[in-house]
1. First select every other residue whose beta carbon is under 12 angstrom from the beta carbon of F256; then total the charges, Lys and Arg +1, Asp and Glu -1.
2. Given labels modelled 7 Å from the Cα in the Cβ direction, how far is it in nm from H100 to Q215?
3. Can you put K69, K199 in order of Cβ neighbours within 10 angstrom, beginning with the fewest?
4. Of the listed pairs K248/K351; K153/K206; K69/K124; K105/K347; K69/K360, which have alpha-carbon separations greater than 29 Å here?
5. What's the center-to-center distance, using Cα atoms, between segment 118-149 and segment 180-212 in Å?
6. Would you please give the residues with an amide H less than 5 Å from that of G279, counting only those at least 5 places away or on a separate chain, with H modeled from the backbone geometry?
7. For V45, what is the net charge nearby, where nearby means another residue's Cβ is under 9 Å from its Cβ and Lys, Arg count +1, Asp, Glu -1?
8. For every other residue with a beta carbon closer than 13 angstrom to the beta carbon of L114, add +1 if it is Lys or Arg and -1 if Asp or Glu, then tell me the sum.
Amino acid sequence: MLLLEEEPRSVLPRSLKGSCFFQSEELSSVLTQKPPHTPVMLKEVLHYLDVQPGQVVLDMTFGGGGHTKEILNMVHEVTVLALDRDPTAISLAQQLAKEHSGRVKPLLGRFSELEALLADMNIKPGSIDAVLLDAGCSSMQMDEAQRGFSLSKDGPLDMRMDGERYPDMPCAADVVDTLDQQALASILTAYGEERHARKIASAIVKARRVNPITQTQQLASVVAGSFPAAVLYARKDRLQRPAHVATKTFQALRIFVNDELNELHAGLRAARSLLRPGGRLCVITFHSLEDRLVKRFLQGDDLSNLDQYHFSPRKQGAGKGKLLDEKRDGGSVDWLPLRRKVITPEKDDVKDNPRGRSAKLRAALRR
Ligand SMILES: C[S@@+](CC[C@H](N)C(=O)[O-])C[C@H]1O[C@@H](n2cnc3c(N)ncnc32)[C@H](O)[C@@H]1O
C-alpha cells in the first residue's frame with residue numbers, strides 16, 4: 001500500500017527517538033563499549049522504509065549503526081548491506097555482523113565505489129528493497145579530536161572521513177596550506193555559504209606565511225582574528241544558540257576534503273540503479289546544499305553539470321523551470337515522493353539531541 005502523504009506512526013519508545021549522532025565518546029570507548037545510538041528521525045525512517053521480513057536493505061551510511069540496529073531488531077530475516085567510507089565505522093559493522101550472523105554485510109567504501117563493491121558480491125541492479133542514506137559526519141568522527149572535524153577540540157586539521165585509507169588524499173591542512181586565496185574563497189562561498197569568504201581567505205593566506213596552519217584551534221583563531229571581537233559569537237544557529245564565526249569555514253573545508261556533494265550525487269545515482277521498482281529510499285541531509293541536491297535529483301534533474309551547481313549555489317533558482325522528466329505528482333519518471341514536503345525532526349527530538357536540529361528527510365518510492 002502506498003504511504004504518500006501519510007504521517008509516520010509513533011512506533012518507537014521515547015528512549016529511541018533522537019539523533020543519529022553519538023554523544024561525546026572517544027574513539028577507543030566507542031570500539032569497546034556499547035555506543036549510544038540515537039539515530040536522527042529513526043521513527044520516520046522506519047516508517048518510510050517500511051522494511052518487510054526477508055528483504056534486503058542497503059544502509060549507505062552505517063556510522064554507529066543506529067538505524068541498522070533498529071531495523072535488525074524490528075524486522076526478522078532482513079539482510080542489511082552496511083556501507084561506510086570510514087574504517088572505524090566498518091569495525092563496528094563487523095562487530096554487529098558477528099552478533100547477527102548472516103544478517104549484516106559490512107562494506108568499506110564510498111558511495112562512488114558502491115556499485116563495483118556490490119557487483120563483486122554478485123548483487124544485481126534493481127535487487128534492493130530499501131536504501132537509507134544519512135549524509136554527513138557521525139559523532140564518532142566529530143567528537144574525536146584526532147580526526148580534526150571539531151571546532152571546539154584541538155587536533156590535527158585532518159577531516160578525512162576515509163581516515164588513512166588513501167594516504168595521498170589531501171587533508172584540510174593541505175587545502176588550507178596550498179590553495180591560493182581565490183580558490184579558498186570559492187570553497188568557503190560554495191560549500192559554507194560564507195558571506196565573508198574573501199576576508200577569511202585573506203586572513204588564512206596571511207597567517208600561513210608566518211606559520212603553517214596545521215591544528216583545528218589554530219584555524220579557528222585565524223578565522224576569528226579576521227572579525228571584530230564583538231561578533232565572534234554574534235551568529236546564531238537554528239536553536240538561537242551562539243555559533244562560532246568559523247563554523248561555516250569548517251563545514252566548507254569538510255565538504256571539499258571529502259568531495260561530499262559529488263559523493264552524494266554518486267550515492268543517489270547508485271540508489272536509483274540498485275533499488276527495485278517499488279523499493280524505497282530515505283535520504284537525510286544536514287545543510288541546504290545537500291537538501292537542494294536531493295530535492296532536485298528526486299524531481300528528475302540528473303544534475304549532470306554538478307560542477308556548475310557547486311560553484312554557483314546562489315544561481316539555483318534559475319534552474320527551476322528546466323527540471324527534466326518532471327511529473328505532476330512532484331516526482332519524476334524514476335521517483336514518486338512518499339511525502340511531498342521535506343520532513344524535519346520533532347521538537348522533542350531536537351531538544352534531546354541538538355546536533356540533529358538541521359536534519360531534513362526526503363522519502364521516495366522507485367517507480
Ligand atoms: C550521519 S553518519 C550516519 C549515522 C548512522 N545512520 C547511525 O545511525 O549511526 C554518516 C556516515 O556516513 C559516512 N559517509 C559519509 N559520506 C560517505 C560516502 N561518500 N561514502 C560512504 N560513507 C559515507 C560517514 O563516514 C559517517 O560514518
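1. Once positives and negatives cancel, what remains is -2.
2. 4.2 nm
3. On the way: K69 22, K199 15.
The most exposed by this proxy come first: K199, K69.
4. On the way: K248/K351 23 Å; K153/K206 24 Å; K69/K124 25 Å; K105/K347 34 Å; K69/K360 21 Å.
In this structure, K105/K347 lie more than 29 Å apart at Cα.
5. 30 Å
6. Result for G279 returns R366.
7. On the way: positive: K43; negative: E44, E70, D134.
Net local charge, V45 excluded: -2.
8. Summing Lys and Arg as +1 and Asp and Glu as -1 gives -1.
No value in this document is a laboratory result; all are computed from the given coordinates. Because the structure is predicted, anything quoted here is derived from the model rather than measured. Every residue, glycine among them, receives a Cβ derived from its backbone with ideal geometry; neighbour counts consider all protein chains shown.
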